[in-house]
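These notes concern the structure reproduced below.
The values are calculated or read from the model by the stated rules, or taken from the named source; none is laboratory data. The structure displayed is predicted, hence computed values, not measured ones. Please note: Cβ atoms are built from the backbone with ideal geometry, for glycine as well, and neighbour counts cover all protein chains shown.
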Amino acid sequence: MQLRLSPDMNAASVRTVAESYQTFNPRAYLQNNYMPPRANFTSEEFVVPWKLRCLADTFATGEICGHTLIDIGTGPTIYQLLSACNYFEEIVATDYLEVNRTEIQKWVLGEDPDGFDWSPYIQHVCKIEGKGEPWKEKEQKLKKKLKKILPIDVHQPNPLGSLLSQPADALVSTFCLEAVSPNRPSFDQALQNVTTLLKPNGHFLMIGALEESFYLAGEARLCVVPVSEADVKESFAKSGYRIHNFRSYIMPPSLKIGVDDVQGVFFIHAQKSA
Ligand SMILES: C[S@@+](CC[C@H](N)C(=O)[O-])C[C@H]1O[C@@H](n2cnc3c(N)ncnc32)[C@H](O)[C@@H]1O
């Protein structure tokens, strides 16, 4: 059964989510999700290499390419752009929080000696892509293509305001919409809002949490709307997408480490209707 809220109640719930993000700590978030045990590159039984595999396989088809790719809710992470950067001239990172946009900016500029070390990720992606690309080259390529880092609010009908004039050839988004939406109608609305940033026939690759209700990022405890595989497929269909691929991952007990209550992860490749 779908929850129905008045527009005022929904706006209030969205504001509560926004407030909860004010104490989001990028470093704690990275520590919780992008270090061992979750970031263990020895096997795709671990969640991080599983995600990288989904993206590498999909981009390797060569079907998803063009001038501009927008990443919705980039956060403090760049792993989701490593396979994409071979196929687009320009990559636009976006996030609601300035702390996260700054984290990405510092990585691009190589300014922070204490910054998060993405080199094991870049090396792993070069390995699974199997093209013999030296990892330093990929790193430079992504830094060069990350031309804009913009503020975004997926709850606005035009999430980027007037910052981008042309719709993108493709969208990527990882762990954003369910993590910033207080309920299913709000998730659906956010999906419709970001869909306006995509060209007709454009591709959308999304990775997200299954059946999660919260996660931690330092002092911040963020509420997540729990979604099932069927929910995700239904939301994409309702927003006018054709689903090309759907994969899911069950979080093994060894990776349930108290930083969230995620039960699994989904990957969806969908194409906007013409
Ligand atoms: C769970 S994190 C995901 C970060 C990263 N994409 C990843 O894969 O780990 C959710 C991100 O959504 C951002 N966010 C919060 N509210 C948002 C909003 N209204 N619109 C867009 N992004 C938002 C947060 O700042 C945070 O970076």
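Would you check if residue 214 is touching a Cys at 6+ places or on another chain (Cβ under 7 Å), within 16 Å of the ligand (Cβ to nearest atom) and either small (Gly, Ala, Ser) or modelled with pLDDT of 95 or more (or both)? Yes, satisfied. Can you tell which of 44, 19 is surrounded by fewer than 21 Cβ atoms within 10 Å (Cβ to Cβ), free of Cβ contacts under 8 Å to residues at least 40 places away in the same chain and within 12 Å of the ligand (Cβ to nearest atom)? One residue alone meets the criteria, 19. If you check residue 204 against the conditions, is it in contact with a Cys (Cβ under 6 Å, 6 or more places away or on another chain) and over 16 Å from residue 77 (Cα atoms)? Criteria not met by residue 204. In the set 153, 169, only one residue is more than 12 Å from the ligand (Cβ to nearest atom) and surrounded by fewer than 23 Cβ atoms within 10 Å (Cβ to Cβ); that residue is 169.
Residue check: is residue 24 more than 12 Å from the ligand (Cβ to nearest atom), buried (at least 17 other Cβ atoms within 10 Å of the Cβ) and farther than 16 Å from residue 174 by Cα?
no
Consider the stretch 22-35 and keep the residues that are touching a strand residue (DSSP E or B) at 6+ places or on another chain (Cβ under 7 Å) and in a helix (DSSP H, G or I). The one that is farthest from residue 255 (Cα to Cα) is 23.
At pLDDT below 95, closer than 28 Å to residue 48 by Cβ and more than 9 Å from the ligand (Cβ to nearest atom): does that describe residue 147?
Against the criterion (at pLDDT below 95, closer than 28 Å to residue 48 by Cβ and more than 9 Å from the ligand (Cβ to nearest atom)), residue 147 qualifies.
Taking every residue in the stretch 130-150 that is within 14 Å of residue 82 (Cα to Cα) and pairing it with any residue that is aromatic (Phe, Trp, Tyr), at least 6 positions away or on another chain, the pairs with Cβ-Cβ distances below 8 Å are 139/118; 143/107; 145/88. Has the stretch 58-67 got any residue that is within 16 Å of the ligand (Cβ to nearest atom) and hydrophobic (A, V, I, L, M, F, W, C)? The answer is no; no qualifying residue exists. Does the stretch 53-73 include one or more residues that are crowded, with 20+ Cβ neighbours inside 10 Å and touching a Pro at 6+ places or on another chain (Cβ under 8 Å)? Taking every residue of the stretch 53-73 in turn, at least one turns out to be crowded, with 20+ Cβ neighbours inside 10 Å and touching a Pro at 6+ places or on another chain (Cβ under 8 Å).
Check 236, 175 and return the single one that is among the aromatic types (Phe, Trp, Tyr) and touching a residue at least 60 places away in the same chain (Cβ under 8 Å). Criteria check complete, one pass: 175. Only one entry in 95, 112 is at negative phi and away from the ligand (no atom under 16 Å from the Cβ), namely 112. With respect to (1) within 16 Å of the ligand (Cβ to nearest atom); (2) modelled with pLDDT of 95 or more; (3) in contact with a helix residue (DSSP H, G or I) (Cβ under 8 Å, 6 or more places away or on another chain); (4) farther than 30 Å from residue 258 by Cβ, the lone exception for residue 49 is condition (4).
Going through (1) buried (at least 21 other Cβ atoms within 10 Å of the Cβ); (2) more than 18 Å from residue 55 (Cα to Cα) one by one, residue 134 falls short only on (1).
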